[in-house]
Amino acid sequence: MNKHPLAALYDETAEVEAELAARAPDTADHWARTRELIDTYHPKRLRLAVTAVIEETPTATTFRLALKRGGDLPPFLAGQYVNVFVDGTSRPFAISSTTATRSYYDITVRRVPAGRVSNLLIDSLTVGQELTTTGPMGTFHHNPLFHGDDVVFLAGGSGVAPAMSMIREIVDRGLDLRFHLLYGSRTADDVIFREELDTMAAESPLILVDHVITDPSSEWEGATGFLTAETISALVGPLGGRMVYVCGPQALYPFALDQLSALRHPRHRIRFEASGAPARPEAQPRWPSDIDPYGQVTVTCGTASFSTPRNRPLLDALEDNGIRPEVACRSGECGLCRVRVAEGTVHQAEEARPRLCDERFGYVHSCVSYPLTNVALEV
Ligand code: FES
């Protein structure tokens, strides 16, 4: 059996550490080499060419991205994403390909109503074109030490992309990890990777795949409805202490959390990959009930000053006005989009994962923060 990719990366790191220790007396050389290694494994930006466009379903397309000159891309952990820069903004897309190859990353994009970046990529990106992305990022991946060897994944729509990368990795690397995917789609035609998923499930006792269809045709014989507590119980059985991963459209998160709570599954055994800022921040418990989410406020940032509705994330409002903080996850996790609120009050969504020092010094994650009053920001 092959080593888990994390163990392989630890080995690679140990080699680097030994090399650095041997060079330690020469501090300048030590730091230069360290920088070079960091840039190799964690580049801030990659310039990638589209080498294939694969139509998965009528609404979902996979883009294969590789270095133009060829060669290995930085390693990644199944479940991580790259942030794609396009049209003056950016969006994170999970890598759907296997970690067993480093010659390309696949990203699988689904058309969504009013989806600015997704729809632009699907409508205009062709083989040979180039994109700027970040290196692989994110903490939504299997950790063998804490997540165990028997996991459940609830996916909706293109939220299947990180699951696909994890399953491909299990198969390609021969990992001893049992993986049960419950994949919700509207119709059978919307199921992304259906043939490959079903083939892998048929060939490996470690891979279990259940498609759950909300709007089935008369020929559909599988599970139907939403990923409710009853459906999860019926398909998976008792969850026990298994880690449950959840990835899909925004609405899936509160819904899945409710269903898993109903099953008395402990919160610390649930991992979410949020996808974007909440569309209705006013529906969150901490939004003040007397504040109109559609009202306009003024945002001041340096010499710029502009008006924006309260329910528009600060990051989007800044980008609309040509101000671009560093950004990656756009869902409150990575912290790269931090801005300081010098004046005024903002609502920071529940998705935000601020550090104690951010709270103390007035920093918020702008991708999931909304101006409740006129605000002055430091970017
Ligand atoms: S971009 Fe990651 S927290 Fe905002």
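The values are calculated or read from the model by the stated rules, or taken from the named source; none is laboratory data. The model shown is predicted, which means the values in this text are computed figures rather than measured ones. Note that each Cβ is placed from the backbone with ideal geometry, even for glycine, and that neighbours are counted across all protein chains shown.
Scanning the stretch 122-150 for residues that are within 21 Å of residue 180 (Cβ to Cβ) and not polar (S, T, N, Q) returns 140, 141, 142, 144, 145, 146, 147, 148, 149, 150. Within the stretch 206-248, the set of residues being touching an Asp or Glu at 6+ places or on another chain (Cβ under 8 Å) and either assigned by TED's automatic domain parsing to the domain that holds residue 96 or among the β-branched types (Val, Ile, Thr) (or both) comprises 209, 246. All of (1) within 23 Å of residue 139 (Cβ to Cβ); (2) over 20 Å from the mean Cα position of the chain (by Cα); (3) within 14 Å of the ligand (Cβ to nearest atom) hold for residue 357 with one exception: (3). Restricting the stretch 335-351 to residues that are assigned to a loop (DSSP other than H, G, I, E, B) and buried (at least 21 other Cβ atoms within 10 Å of the Cβ), the residue that is nearest to the ligand (Cβ to nearest atom) is 337. Restricted to strands (runs of 3 or more DSSP E) entirely inside the stretch 247-334, those with at least 2 residues that are within 26 Å of the chain's Cα centre (by Cα), surrounded by 15 or more Cβ atoms within 10 Å (Cβ to Cβ) and within 16 Å of the ligand (Cβ to nearest atom) are 270-273. Go through 77, 154 for me and flag whichever is buried (at least 17 other Cβ atoms within 10 Å of the Cβ) and outside any strand (DSSP E or B). After ruling out the rest, the residue left standing is 77. Scanning the stretch 100-151 for residues that are in a loop (DSSP other than H, G, I, E, B), more than 17 Å from the chain's Cα centre (by Cα) and in the same structural domain as residue 59 (by TED's automatic domain parsing) gives 100, 101, 102, 103, 104, 113, 114, 125, 126, 127, 128, 129. In the stretch 369-379, of all residues being modelled with pLDDT of 95 or more and among the aliphatic types (A, V, I, L, M), the one that is nearest to the ligand (Cβ to nearest atom) corresponds to 377. What is the residue count in the stretch 245-271 for residues that are closer than 18 Å to residue 212 by Cα, of a type in the set (A, V, I, L, M) and in contact with a Ser or Thr (Cβ under 9 Å, 6 or more places away or on another chain)? Count: 1. Within the stretch 180-195, the set of residues being more than 22 Å from the chain's Cα centre (by Cα) and without any contact (Cβ under 8 Å) to a residue 24 or more places away in the chain comprises just one member, 195.
Checking each residue in the stretch 157-204 for being among the aromatic types (Phe, Trp, Tyr) and either within 12 Å of residue 97 (Cα to Cα) or surrounded by fewer than 15 Cβ atoms within 10 Å (Cβ to Cβ) (or both) picks out only 193.
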